[in-house]
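**Student:** First the structure, which I've put down as structure tokens, then a few questions once you've had a look.
The values are calculated or read from the model by the stated rules, or taken from the named source; none is laboratory data. Keep in mind the model is a prediction, meaning the values are calculated, not measured. So basically every Cβ, Gly included, is an ideal-geometry build from the backbone, and we count neighbours across all protein chains shown.
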Amino acid sequence: MESVKNVIKNRRCELGLTMKELAIRVGVSEGTISRWESGEISNMRRSAIVKLAEALNLSPSKIMGWTENNPADTLPPLTQKDNKNIEKIVASMRERLVNEEGLMFDGKPASPEAIQSILDAMTVGMGIAKQRNKAKYTPKKYRDKNKE
């Protein structure tokens, strides 16, 4: 199993990205990218994992190093259209969660951080579900074309 720091650095180099370019895409500092790649930061926020996975065109599980016997690595990649559809659904859900007065955790109103965590988990889950559906329902004769 490849370590998290090696996954990030190797994929960034494969794509020809500098640390600064990747930092801009993910919305973090160049120093944060450096610390991820050196292993200095091992606990990444879910939202950062999602953005990093999108920027490197990898699954979040690959970013986290969860690659052993992981069927997500064999799933077809998401297209820009897929990602936009997921973004629309998450934006709609964000609006509903923010305006919902009855959303509670441990008897207290949901914090913005809790709502963001819900949305991050939904984003990852919808991406994996969409990939699984593509793998299951795309006719075999079209599968190789989708890998391009």
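**Student:** Kindly indicate the residue of the range 56-93 that is of a type in the set (D, E, K, R) and modelled with pLDDT of 90 or more and also farthest from THR123 (Cα to Cα) among those meeting that condition.
**Tutor:** LYS81
Yes/no per residue for (1) among the polar types (S, T, N, Q); (2) at pLDDT 90 or above; (3) touching a Ser or Thr at 6+ places or on another chain (Cβ under 7 Å); (4) exposed (fewer than 12 other Cβ atoms within 10 Å of the Cβ):
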site	(1), (2), (3), (4)
ASN6	yes, no, no, no
GLU21	no, yes, no, no
TRP36	no, no, no, no
SER42	yes, no, no, yes
ARG45	no, no, no, no
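**Student:** Just checking, which of TRP36, TRP66 is closer than 26 Å to ARG132 by Cβ and not small (Gly, Ala, Ser)?
**Tutor:** After applying the criteria, what remains is TRP66.
**Student:** Scanning the range 121-143 for residues that are more than 18 Å from SER61 (Cβ to Cβ) and surrounded by 11 or more Cβ atoms within 10 Å (Cβ to Cβ), which turns out modelled with the lowest pLDDT?
**Tutor:** So, considering only residues that are more than 18 Å from SER61 (Cβ to Cβ) and surrounded by 11 or more Cβ atoms within 10 Å (Cβ to Cβ), the one modelled with the lowest pLDDT is ARG143.
**Student:** OK, next. Among the residues of the range 7-21, which ones are closer than 19 Å to SER61 by Cβ and of a type in the set (A, V, I, L, M, F, W, C)?
**Tutor:** VAL7, ILE8, LEU15
**Student:** With the condition being under 30 Å from LYS141 (Cα atoms) and without any contact (Cβ under 8 Å) to a residue 40 or more places away in the chain, I'd like the helices (runs of 4 or more DSSP H) fully within the range 7-124 carrying at least 2 qualifying residues.
**Tutor:** 46-56, 80-99
**Student:** Report whether or not ALA53 is at pLDDT 85 or above and closer than 20 Å to GLU14 by Cβ.
**Tutor:** yes
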